[in-house]
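The values are calculated or read from the model by the stated rules, or taken from the named source; none is laboratory data. Because the structure is predicted, anything quoted here is derived from the model rather than measured. No Cβ is skipped: glycine too gets one built from the backbone with ideal geometry, and neighbour counts run over all protein chains shown. Surface accessibility is based on the protein's heavy atoms, side chains included, excluding ligands, DNA and RNA. Shrake-Rupley method; radii C 1.70, N 1.55, O 1.52, S 1.80 Å.
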Amino acid sequence: MAQSIFQPQVKPSNQNFSQSQPQIWLRRLVWKIAIATLLLMAVGSATRVMNAGLACPDWPLCYGQLVPTQQMNLQVFLEWFHRLDAALIGLSAIALVGLSWWHRAKVPTWLPWAACFALFLIVFQGILGGLTVTQLLRFDIVTAHLGTALLFFCTLIVIGTCLTPYQGTQVAGKLAFVGLSAAILVYLQSLIGALVASRWALHQCLSDSQLCLVMNSHIAGVFPPTIATIVLVWLAWRTPALSEQLRQLANTAAGLVGLQILLGIATFKLHLQVEPLTVTHQAVGAILLGVLVAFTVLALRDRSGNQSYQKEAIRN
């Protein structure tokens, strides 16, 4: 113990590690799937606000064809492209699982199992996607459809962030818990937003005062995730030695929260009449969720690195 103060500080081995080539390839694949998933959710939102959810009356084909050229218009294209993007993501998830198991000796032991979980989510998501058509856009299925998509997106963010090289400063402390709380609150608020959208609660509340409770729940639900994110950003600013990656993610979260509130107000005031604004509102919410999840994962790695360092110091 006495000699430890004369010894050089030992940085945790999990903070700065060399990666095999397969791990680098898989990390890039994961991030590409995450971007495609974000696009998928944006197209899905556009499909809903353009009343194109049933533009293809059958499933999985569209008018019994892979490419419905004769029936193609904007609404059919949105629904068809939404399915095409989902199919490509499904194939990419299968490739991720196969490559993870094939190179399992050169990648972290958890990666193949995490890839299998992601594949399970995308298969379940595909089933829900089919049910949204066959059950004629039933609101609970539509809400579960988006909720599963967000969960799949978060899973990809966790995998990608865990595979990304990171040199922490071991000062994150309780920031991981705050980040996780903010992410959960944003996810729940997104589900309420999906319920509002799937039931057209805003239109019904403004027209005949129905479903106002659902609409007001979404409005009131803005405060908990906003407060949690502000606390996270404030604590990050109050931690001078915080790593640059965590600081950038915190600043990004602050900007996204402000933008999301402005988009929400504009969407409400314009009664969902500006479709690109509504789509952007949902997309920014998904990006905010991804940023908070990435922050939480890096903060946990930073915290675990601090615990490893303390154990190493005690042994010395």
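One table, with the values for the structure above:
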| item | result |
| --- | --- |
| Per DSSP, loop trypsin sites (Lys or Arg not before Pro) in region 198-264 with at most 11 further Cβ within 10 Å | ARG238 |
| Linear extension gain, LEU206 paired with ALA105, 0.36 nm per residue minus alpha-carbon span | 30.5 nm |
| Cleavage-rule hits, chymotrypsin sites (Phe, Trp or Tyr not before Pro), region 83-169, DSSP coil, Cβ neighbours within 10 Å at most 16 | TRP110 |
| Helix-only mean residue ellipticity at 222 nm for the chain, each DSSP H run of n ≥ 4 adding -39500 (n - 2.57), per residue, nearest 500 | -25500 deg cm²/dmol |
| The chain, Rg to Rh (Cα coordinates; Rh as Kirkwood inverse mean 1/r) | 1.04 |
| Solvent-accessible heavy-atom area per residue, rounded to whole Å², over the chain at 1.4 Å | 52 |
| Solvent-accessible surface (1.4 angstrom probe) belonging to HIS281, in square angstrom, nearest 10 | 40 |
| Accessible area, probe 1.4 Å, largest first, for residues GLU244, GLU275 | GLU244, GLU275 |
| Area accessible to solvent at THR229, 1.4 Å probe radius, in Å² | 0 |
